[in-house]
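What follows is a single structure, and I will ask about it in a moment.
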Amino acid sequence: MLGFSLYDNEHGMKKLLSAITLALYFCMIKSHAQVSGNNDYNAGSRSRANNQYNSQQILTYAATNPLDRPLVLNEEEIVITVNGLFNVVPENFVATFHIVQTSETAETADQLLHERIKKFRQKFLEAGGDARDFHVDMISFVPKYEVEAENKLFSKTYNEIPAGFELQKNISIHYRHSAALDELITAAASAEIYDLVKVDCSVQQTRNLIDSLRRQCLREITIRSRSFEITGLKMDTLKKTVSENLNTIYPQTRYFTYQAFSRPSRSFERKKASAPAYNEIVKTTSSYYSQLDYDRYDLIINPLVLEPVIQFSCSMAVKYFLHAETKPANHYYLLTPAGELKKFNLK
């Protein structure tokens, strides 16, 4: 409880603003299918401190931190900030597979690659896919060379000679349910296609989703502004400024890698004069999806996440101007000898 009246003296408003700032400051202190690909594998960029789980973020992403929450700036202005997050399950997916074929002749390389793609397309159509959702993109068709040594009387020369041809293509497939990716991988494996490059996702009506999140943030700001008025702050609702920061976070930017293992004791090295050879096995690198943390958000739509989602972030700040405190004017009156009461102004 504040230990003074709201209007006990001319410094009451200043004390109130300071008290609210400190109180809110301390409150703030307390306060199924993979959507990734081989392109992200072993591309970690941020490590986490853990002895057994060495976790790294696979891809970097644009700064998506919510706005800070400035409160009272001075005796004339106050800023109310709300951070909102909207989790949306993707509605459309595009999986990209890479395929490469080498052969001694260009004709053979083209024919073998054509047969593999034809088999993959057939499996896709048999599973109920649409031919319009299957696209082949030409990447490269180049000759390959190998080095042949040529021995001369006083020298040795290495010459490049033709060794065959290499043909590379990408296959992009559009599907609408995340569970379909498992069937696509099975179909690709049957055609000896093993490189899943990436998986992109999107949603329809993005503008409507962002507008819905923005309205929720504005509603929360209105509720907070009313709560401040209870304390005696008088805000000028007609004179204000609004700023916002919108971000879209896609699932492929939220995958992390880690290695789970326990290191054995190596004390045996101290028991012998010469340390024996120590060969470590290759540790398996795994990855997992982790959505943005909720600790800096005030409102979250669809907080429960069972599969990778697209996250829309909105940070909105409204600056209100406070009404100046009006002091009651002092009026002085003079009683004349005739008994008349006249107003007397002191300057």
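Of 119/144; 234/319; 118/198; 118/169; 123/283; 144/283, which sit over 23 Å apart, Cα to Cα?
Table pairs above 23 Å Cα-Cα are 119/144; 123/283; 144/283.
Going 7 Å from the Cα of residue 105 in the Cα-to-Cβ direction, what parts of the stretch 147-164 have a backbone nitrogen less than 17 Å from that spot?
From the stretch 147-164, the list is 162-164.
Distance in nm between label sites at residue 259 and residue 172, each 7 Å beyond Cα in the beta-carbon direction?
The answer from the label model is 3.6 nm.
How much of the pair distance distribution for the stretch 187-239 lies past 13 Å, counting alpha-carbon pairs only, in percent?
Result: 76 percent of Cα pairs exceed 13 Å.
Compute the FRET efficiency between residue 245 and residue 203 as 1/(1 + (r/R0)^6), taking r as their Cβ-Cβ distance and R0 = 25 Å, and round to the nearest 0.05.
Calculated value: 0.80.
Starting from the 7 Å offset along Cα-to-Cβ, what nm value, one decimal, do you get for the label separation of residue 211 and residue 226?
2.5
Follow-up. Grab the Cα-Cα distance for residue 234 and residue 115, subtract it from 0.36 nm times how many residues apart they are, and report the gain in nm with one decimal.
Stretched fully, the residue 234-residue 115 segment lengthens by 35.3 nm.
Right, here's the next one. Find how much the distance from residue 307 to residue 333 grows on full extension, using 0.36 nm per residue of separation minus their present alpha carbon separation; answer in nm with one decimal.
Taking 0.36 nm per residue and subtracting the Cα distance, the gain is 1.6 nm.
Considering the alpha-carbon set of the stretch 137-247 alone, what are its Rg and its Dmax in angstrom?
Cα radius of gyration and Dmax of the stretch 137-247 are 31.5, 101 Å respectively.
So, one more: To one decimal place, what orientation-averaged projected area in nm² is obtained for the convex hull of the Cα set of the stretch 93-202?
8.3
Relative contact order, percent, of the stretch 93-202 when contacts are C-alpha pairs under 8 Å separated by at least 6 residues?
47
Identify all aspartates and glutamates with a Cα-Cα distance to residue 240 below 17 Å; exclude those on the same chain that are fewer than 8 residues away in sequence.
Filter leaves 75, 76, 77, 220, 229.
Read-outs: derived from the displayed coordinates by stated rules, not from any lab. For clarity, every value in this text was computed on a predicted model and none was experimentally measured. Note that each Cβ is placed from the backbone with ideal geometry, even for glycine, and that neighbours are counted across all protein chains shown.
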